[in-house]
Amino acid sequence: MLPPEAAHAVTLQLIKLRSLFFPFKIKPSKITVKVMGIEFPNNIGLAAGLDKNGDCIAGLASLGFGFVEIGTLTPLPQRGNPKPRIFRLIKQKAIINRMGFPNKGIDHAIKQIQKLKVKPIIGINIGKNKDTEIEDAADDYMLCMQKAYPFADYITVNISSPNTESLRELQNEEHLHALLATLKNMQNLLNHQYDRYVPLVVKIAPDLSSEQIKHIADVLIATEVDGVIATNTTVQRTEGISKEQGGLSGAPLTAISTDIIKQLYQHIGPKIPIIAAGGIMNKADIQDKLDAGASLVQVYTGLIYEGPGLLK
Ligand SMILES: Cc1cc2nc3c(=O)[nH]c(=O)nc-3n(C[C@H](O)[C@H](O)[C@H](O)COP(=O)(O)O)c2cc1C
């Protein structure tokens, strides 16, 4: 009954409160999966964007997620786009959002991780500030990566949100190669500094032609990226779907993003693990993503419509 963003805030507060009564504990698991050198207690994670600031990591992990991805985080805090910016499409079990990375900044999120008594597997998703020119985007990613590295189990480079102007241009072959080569270089330095290897993962959009997917796959292989998340929200709209501006997620995205995974897998095979996101609303959707070539999955909109019972 609450407007979407108010419901979001209240739910996060309740999850935080719940974690005081049911603190997160690491339990032995019979369904562990090893991907990118990390042992995940199960293959279902929380997708980025729900806990942007890392305020509720323990509470979310205690719901049963195998891993929690926080962010997107930017170097400086920012407000994001004017409200309203989240819209429910109840009949279609979908959401349109144009949040524009509202977040308290990378430093805030790191402090939240430092406060954790027990740490689940945490992905830190990074992006660029709205005011950073696209030519200088690499500086924002590098800064966030340096700060996130000692605290993340993996780091996601988000170049696929439709709500930050020009961001998706970073998926173009030339931009992408330059950006990923720079970040892989930095990963190498940080690996030596901390004596710990933190995988670098790239999150891509579902709105890509077959040719673009092939080019992206070539760059991922050439730069030896550790994983790829497919996909972010879509700007495509089929008949009968609201034309509200922003990224569409949930049921209408399921088939679109599974198709991207299939195409991607044809190029990269098992060499680079795929983390599937996009319209996972039930158990069968998970199986479809795994059959398409994914090693892990993430949910967001499914959790909004089905609640945490979906994890069971
Ligand atoms: C309200 C909302 C905010 C989101 N914010 C982010 C974000 O900050 N960074 C990001 O990489 N993805 C973000 N996403 C995309 C999700 O992580 C996911 O890739 C996408 O929604 C597809 O999965 P789903 O259909 O299960 O929701 C957001 C999605 C929603 C619905």
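The values are calculated or read from the model by the stated rules, or taken from the named source; none is laboratory data. Please read these numbers as outputs of a predicted model, since none were measured by experiment. FYI the Cβ positions are ideal-geometry reconstructions off the backbone, even for glycines, and counts take in every protein chain you see. Ligands, DNA and RNA are excluded from the accessible area calculation, which covers all protein heavy atoms including side chains. Shrake-Rupley method; radii C 1.70, N 1.55, O 1.52, S 1.80 Å.
How high is the FRET efficiency between Thr11 and His108 when r is their beta carbon distance and R₀ equals 22 Å, given to the nearest 0.05? The calculated FRET efficiency here is 0.65. Pairs from the table (Lys119/Lys214; Lys83/Lys117; Lys27/Lys184; Lys104/Lys271; Lys93/Lys312; Lys115/Lys283) lying more than 30 angstrom apart at Cα are Lys119/Lys214; Lys83/Lys117; Lys27/Lys184; Lys104/Lys271; Lys115/Lys283. Once the Cβ-Cβ distance of Gln92 and Leu311 is raised to the sixth power relative to R0 = 35 Å, the FRET efficiency obtained is 0.95. Between rounded, prolate and oblate, where does region 4-311 land on the alpha carbon gyration tensor, with a ≥ b ≥ c its root eigenvalues, rounded for a/c under 1.5, else prolate if a/b exceeds b/c? Rounded.
Label separation (Ala255 vs Glu169): 3.4 nm, computed from points 7 Å beyond Cα along the C-beta direction.
Rounded if a/c is under 1.5, else prolate if a/b is larger than b/c, else oblate: which is region 1-159, with a ≥ b ≥ c the root eigenvalues of its Cα gyration tensor? Oblate, since a/c reaches 1.5 and b/c is not below a/b.
Taking the 1.4 Å solvent-accessible surface of region 4-311 as the whole, the part contributed by carbon and sulfur is 53%.
Pull out a ≥ b ≥ c, the square roots of the eigenvalues of the alpha-carbon gyration tensor of region 91-167, then state rounded if a/c is under 1.5, prolate if not and a/b is larger than b/c, and oblate in the remaining case. Because a/c hits 1.5 or more and a/b fails to exceed b/c, region 91-167 counts as oblate. A Förster distance of 30 Å, applied to the separation of the beta-carbon atoms of Asp218 and Lys283, puts the FRET efficiency at 0.30.
The antiparallel fraction among DSSP beta bridges confined to region 61-166 stands at about 40%. In the context of the full set of protein chains, the chain has a per residue accessible area of 46 Å² (1.4 Å probe). Each DSSP beta bridge with both residues in the chain is either parallel or antiparallel, and the antiparallel ones are about 30%. Overall, region 264-312 carries a charge dipole of about 140 debye about its Cα centre when +1 sits on the Cβ of Lys and Arg and -1 on the Cβ of Asp and Glu, all other atoms neutral.
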